[in-house]
Structure formats: structure tokens, C-alpha cells
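One structure below.
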Amino acid sequence: MKPFFTMLAAAAIAASLAAPAQASAVAQLKAFVSGSKTLSADFSQTVSNKGKREEASGRLEIARPGKFRWEYSKPYSQLIIGDGKTLWIYDQDLAQATRKAQGAALGSSPAALLAGSNEIERSYKLNEAGKQGELEWLAASPKKQDNTFSAIRMGFKNNMLVEMQLTDSFGNDTRIVFSKPQQNAALPASRFAFVPPKGVDVVSGD
């Protein structure tokens, strides 16, 4: 008969082979970026500040490098599109579209950060933040003081981004949960192009 400790060691090895440890969050971020040339997903968003809470939902589409479509459907209609050169923000209810250079605005939204090949690593220092529930978390701190976000947390499962938590310079805490992701499906170029509808005021941003 095998010694008891040998049996325990064998059982532990078998268990580790049967259920391999999930990769670290930073490794999953890199796998997520490199493995998602295109990405579409539903999202739900909650913004909290000083006891006030606002909820919204919509759809995200990304085509790397640099193209994204962040479309709110509830409780209001708003469209944010980056075509690689120009960033458009279209408020349907206000009949107004804001246009600005995407390069200067990159990093001003979660979609912009996700659409770049390595925008997060370029602008933020990444640290492992441990596992909570089923998600592996990383914490991103800005390398420069003038970054839009003062803190970012990203939760991953199986190399897929599941949740983002962001704190901006205005003290807003934003939580975004992604669902029904589709990787590398064909996305028409028209999804990342914007032509202001007739009668819409166009404003040039800083």
C-alpha cells in the first residue's frame, strides 16, 4: 500500500490536471486583445457619484486597430463612433453631433481603450488584483496625471473581458458588464462610419 502522503500528492496532481488554474488577468488581457480582431457584445452600465446612480445599456462593436462603435439604447439614444481618425458623438435627442480628432481623444472612453492594440498598456501600469468569484482582476493606474481615468479595474474569465470598473477625474464610478460576446465575426466597415443626418448640428470638439 502506498504511503498516505504519496496518495495525497497523487490526488492533488490529478486534481490540478483535471481543473487547470486560470491564467492571470494581465495574461488574459493580452490574450483578449490579440485574439479579438473584432468584437461585439451587449453591455450594461452603472455610473455612481455622491449617492446618485444612473443606469444605461447598449451594444459595443470593435474592429482593431482603432475602430469602435459604442451605442446606447437605454434610457436614451447616443452613438459614439471612432473610425480610426475621427471620433463622433451623436446625441439623437439633441440633434447634435460632436466631432474631434480620435488620436487626441483616445482613452476618453472605455471603447477607445479596448479598440487599441495596446492603449491600456501604453497609458496605464498594470497590476494583478487577484481573483474574486469566477473572475481574475487587474488594476490599471495612470502613468500620467492628466489621464481621463484615475483608476481602472478589469475582470476576465477564459480570456474574455467580463467587467470593467472605472473611476474618472470627476469622481464618477462606472461599472460596465459585458454579455453575449462574439469574437472575430465579420463587421461591415459601415458600422464604423458616421455621416451626420440632415438637420443635425455639428460641433467641433477640443
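The values are calculated or read from the model by the stated rules, or taken from the named source; none is laboratory data. Since the structure is predicted, the reported quantities are computational estimates derived from the model, not experimental observations. Don't worry about glycine lacking a Cβ; one is built from the backbone with ideal geometry, like all the others, and counts go over all protein chains shown. These area figures cover heavy atoms from the full protein model, side chains too; ligands, DNA and RNA do not enter into them. Shrake-Rupley method; radii C 1.70, N 1.55, O 1.52, S 1.80 Å.
What to note about this one:
Residue-wise test of (1) surrounded by 16 or more Cβ atoms within 10 Å (Cβ to Cβ); (2) on the phi > 0 side of the Ramachandran plot.
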| position | (1), (2) |
| --- | --- |
| M154 | yes, no |
| N158 | no, yes |
| M164 | yes, no |
| G171 | no, yes |
| R175 | no, no |
| F178 | yes, no |
| N184 | no, yes |
| L187 | yes, no |
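- Strands (runs of 3 or more DSSP E) wholly inside region 25-96 containing at least 2 residues that are within 20 Å of Q182 (Cα to Cα) and touching a strand residue (DSSP E or B) at 6+ places or on another chain (Cβ under 8 Å): 38-49, 52-63, 67-74, 78-83
- Flag for A95 being over 13 Å from F192 (Cβ atoms) and open to solvent by less than 40 Å² (accessible area, probe 1.4 Å): yes
- Matching strands (runs of 3 or more DSSP E) fully within region 97-206 where at least 1 residues are closer than 18 Å to G84 by Cα and either among the hydroxyl-bearing types (S, T, Y) or at pLDDT below 95 (or both): 201-204
- For the condition among the hydroxyl-bearing types (S, T, Y) and under 14 Å from the mean Cα position of the chain (by Cα), S109 qualifies.
- Residue check for S150: within 24 Å of G51 (Cα to Cα) and buried (at least 19 other Cβ atoms within 10 Å of the Cβ): no
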